[in-house]
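Chemist: Got a structure here, written out as structure tokens. Questions coming.
The values are calculated or read from the model by the stated rules, or taken from the named source; none is laboratory data. Note that the structure is a prediction, hence the values are computed from the model and not measured. Here the Cβ is made from the backbone with ideal geometry for all residues, glycine too, and neighbour counts use every protein chain on show. These accessible areas exclude ligands, DNA and RNA; they are computed on the full protein's heavy atoms, side chains included. Shrake-Rupley method; radii C 1.70, N 1.55, O 1.52, S 1.80 Å.
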Amino acid sequence: RLFGQREFLVGKEQRDYSRLGVMMKDFQPYSSLWLTTRTWFERHEAWTKGPWEKLNPEELDTTFEQCLKAMGTVARYFKDKPYPKIAANAAAMKAKVDEFKPCVPLALALRKDGMADRHWDQLSAAVGFDIRPTEGFTLTTRVEKGLLKHVETADEVGERAYKEHHIEVSLRKMQAGWVGLDFILPQFKSTTTCYISGFEDAVQMLDEHIVTTQAMQFSPFKKPFEEEIETWATQLMLVSDTLEEWVKCQGQWMYLQPIFDSPDIMKQLPQETKRFKSVDSTWRQQINVAKANPAILQVCGKEGLKEKFQEANKNLEIVQKGLADYLEKKRSVFARFYFLSNDELLEILSQTKEVRNVRPHLRKVFEAIADLVF
């Protein structure tokens, strides 16, 4: 291609290089025979006699399939060619590859991720002789012991080990995902306390982890980790419920705190004020605990915290109802207050000594009045 470009650039007649393609095609079987043979002798030695822990099952499977396919093609190509020695070499190599074929599923089964001592014990018990890894353990030593007769059993144990390993890896990954996931605690307006934020990722992660953990609970391979899975599932549900109650409490508390910070409202609603102050005390105490340890999983996983927020939410609902009744009472006395929202009416009622503060609301309360001169 390069020569063709240069010939074109200098105006020379372009040569026909098509015979190179023919040569490459003719040479391919010889090249494939040689390279596959070299690869086979290099890798086969490592697979059968190399250290067991260094045997890579994915590499073995891929390389074996490539050699099997290549030798099959090469052997067929030279079978009818007038090169008896090459044909004999190709047939011999194909026979070597075919001979190793039964060992592949055995190697893949025994090198599954997650093969632990308990699985080697199970396999030894199933086949009737000790198959546990010892010094000098290789694929050849396992074959010589007669394990090729128990490939199905080995595959069954290996698959179980892999599924159990997958559960363990998922469990550890979930647990690691919570490391460094902390609450952000900004100050709330002009108060001396804070509120929680930065928990959106935690809420999303909780939903995903709860679904994943529930799937684990129904897995037939959960037995080695059953107790840990149950503990983790319980913890996630507790954290989820606690965070939900906490966020609900925060919404109500942030709305009511400025209202019950007003002396006028406190004077007119003494019972509701007392109830709110009780919740406010609990809130501030819990915020201080979160400041000391903002890790979401730990702080929301404490026993009894969910119940505290549930009780706080009940009290805040009662306060909200008392506040609504109070506003309704004021509206029933002066019906034009119905034109104002709760927040606007509260703004007036919480500043009764500042008469001029009604001015922004006059347009809504009285038709055709924009302002009054005091």
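Chemist: Considering only residues that are open to solvent by 70 Å² or more (accessible area, probe 1.4 Å) and either free of Cβ contacts under 8 Å to residues at least 12 places away in the same chain or more than 49 Å from the chain's Cα centre (by Cα) (or both), which ones fall in the stretch 36-52?
Modeler: Once the filter is applied, which keeps residues that are open to solvent by 70 Å² or more (accessible area, probe 1.4 Å) and either free of Cβ contacts under 8 Å to residues at least 12 places away in the same chain or more than 49 Å from the chain's Cα centre (by Cα) (or both), the stretch 36-52 yields Arg38, Phe41, Glu42, Glu45.
Chemist: How many residues does the stretch 232-288 contain that are small (Gly, Ala, Ser) and closer than 30 Å to Thr212 by Cβ?
Modeler: The number of residues fulfilling the criteria is 3.
Yes/no per residue for (1) small (Gly, Ala, Ser); (2) over 25 Å from the mean Cα position of the chain (by Cα):
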| position | (1), (2) |
| --- | --- |
| Asp280 | no, yes |
| Ile287 | no, yes |
| Ala292 | yes, yes |
| Leu297 | no, no |
| Cys300 | no, no |
| Glu303 | no, yes |
| Lys314 | no, yes |
| Glu317 | no, yes |
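Chemist: Here's a follow-up. Are any residues in the stretch 110-121 open to solvent by less than 70 Å² (accessible area, probe 1.4 Å) and either in a helix (DSSP H, G or I) or over 19 Å from Pro51 (Cα atoms) (or both), and if so, which ones?
Modeler: Leu110, His119, Trp120, Asp121 - these are the residues of the stretch 110-121 that are open to solvent by less than 70 Å² (accessible area, probe 1.4 Å) and either in a helix (DSSP H, G or I) or over 19 Å from Pro51 (Cα atoms) (or both).
Chemist: Looking at the stretch 131-185, which of its residues are open to solvent by less than 70 Å² (accessible area, probe 1.4 Å) and in a loop (DSSP other than H, G, I, E, B)?
Modeler: Those that are open to solvent by less than 70 Å² (accessible area, probe 1.4 Å) and in a loop (DSSP other than H, G, I, E, B): Ile131, Pro133, Gly136, Phe137, Thr138, Gly146, Trp178, Gly180, Leu181, Phe183, Leu185.
Chemist: Just one of Lys274, Lys222, Lys267 is over 22 Å from Ser350 (Cβ atoms) and out of contact with any Pro (no Cβ under 7 Å at 6 or more places or on another chain); which is it?
Modeler: None of the others qualify; the one that does is Lys222.
Chemist: Hey, could you check the stretch 335-354 for residues that are open to solvent by less than 80 Å² (accessible area, probe 1.4 Å) and among the hydrophobic types (A, V, I, L, M, F, W, C) and say which is farthest from Glu272 (Cα to Cα)?
Modeler: Out of the qualifying residues, it is Ala335.
Chemist: Quick one: Ala87 ticks every box in (1) closer than 14 Å to Pro57 by Cα; (2) part of a helix (DSSP H, G or I) bar one, so which box is it?
Modeler: (1)
Chemist: Which pairs have Cβ atoms under 7 Å, sit 6 or more apart or on different chains, and link a residue in the stretch 129-140 that is touching a residue at least 12 places away in the same chain (Cβ under 8 Å) and within 15 Å of Leu106 (Cα to Cα) to one that is small (Gly, Ala, Ser) and surrounded by 11 or more Cβ atoms within 10 Å (Cβ to Cβ)?
Modeler: Ile131/Ser124; Arg132/Ser124; Thr138/Gly50; Leu139/Ala107
Chemist: Any idea which of Lys12, Lys25 is among the charged types (D, E, K, R) and not in a helix (DSSP H, G or I)?
Modeler: Residue meeting the stated conditions: Lys12.
Chemist: Return the pairs, sorted by first residue and then second, in which the second residue is at pLDDT 90 or above, the first residue lies in the stretch 1-27 and is surrounded by 10 or more Cβ atoms within 10 Å (Cβ to Cβ), the beta carbons are less than 6 Å apart, and the residues are 6+ apart or on different chains.
Modeler: Pairs that qualify, where the first residue is surrounded by 10 or more Cβ atoms within 10 Å (Cβ to Cβ) and the partner is at pLDDT 90 or above, are Gln14/Glu7.
Yes or no, residue by residue, for (1) free of Cβ contacts under 8 Å to residues at least 12 places away in the same chain; (2) assigned to a helix (DSSP H, G or I); (3) buried (at least 17 other Cβ atoms within 10 Å of the Cβ):
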| residue | (1), (2), (3) |
| --- | --- |
| Leu206 | no, yes, yes |
| Val247 | no, yes, no |
| Gln257 | no, yes, yes |
| Lys274 | yes, yes, no |
| Trp283 | no, yes, yes |
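Chemist: Filter the stretch 208-220 for residues that are open to solvent by 60 Å² or more (accessible area, probe 1.4 Å) and either in a loop (DSSP other than H, G, I, E, B) or touching a Phe, Trp or Tyr at 6+ places or on another chain (Cβ under 7 Å) (or both) and give the result.
Modeler: Scanning the stretch 208-220 gives Phe218, Pro220.
Chemist: Since Lys189 meets every condition but one in (1) assigned to a loop (DSSP other than H, G, I, E, B); (2) without any contact (Cβ under 8 Å) to a residue 60 or more places away in the chain, which condition does it not meet?
Modeler: (2)
Chemist: Here's a follow-up. Is there a residue being of a type outside the set (Gly, Ala, Ser) and under 21 Å from Leu206 (Cβ atoms) anywhere in the stretch 317-335?
Modeler: No, every residue in the stretch 317-335 fails to be of a type outside the set (Gly, Ala, Ser) and under 21 Å from Leu206 (Cβ atoms).
Chemist: Being under 48 Å from the mean Cα position of the chain (by Cα) and among the aliphatic types (A, V, I, L, M) narrows it down to one of Leu323, Leu372, so name that one.
Modeler: Leu323
Chemist: Looking only at the stretch 32-42, decide whether some residue is of a type in the set (Asp, Glu), part of a helix (DSSP H, G or I) and under 26 Å from Gly146 (Cβ atoms).
Modeler: No: zero hits.
Chemist: Could you please find all residues in the stretch 59-96 being in contact (Cβ under 8 Å) with a residue 40 or more places away in the chain and crowded, with 20+ Cβ neighbours inside 10 Å?
Modeler: If the condition is that a residue be in contact (Cβ under 8 Å) with a residue 40 or more places away in the chain and crowded, with 20+ Cβ neighbours inside 10 Å, then Leu60, Phe64, Val74, Phe78, Ala90, Met93 are the ones that fit.
Chemist: Could we say that Glu226 is on the phi < 0 side of the Ramachandran plot, open to solvent by less than 90 Å² (accessible area, probe 1.4 Å), in a helix (DSSP H, G or I) and not hydrophobic (A, V, I, L, M, F, W, C) here?
Modeler: Yes; evaluated as a whole, the condition is true for this residue.
Chemist: Continuing with the same structure: Working only within the stretch 193-204, note down all residues that are in a loop (DSSP other than H, G, I, E, B) and without any contact (Cβ under 8 Å) to a residue 60 or more places away in the chain.
Modeler: Correct list: Gly198 only.
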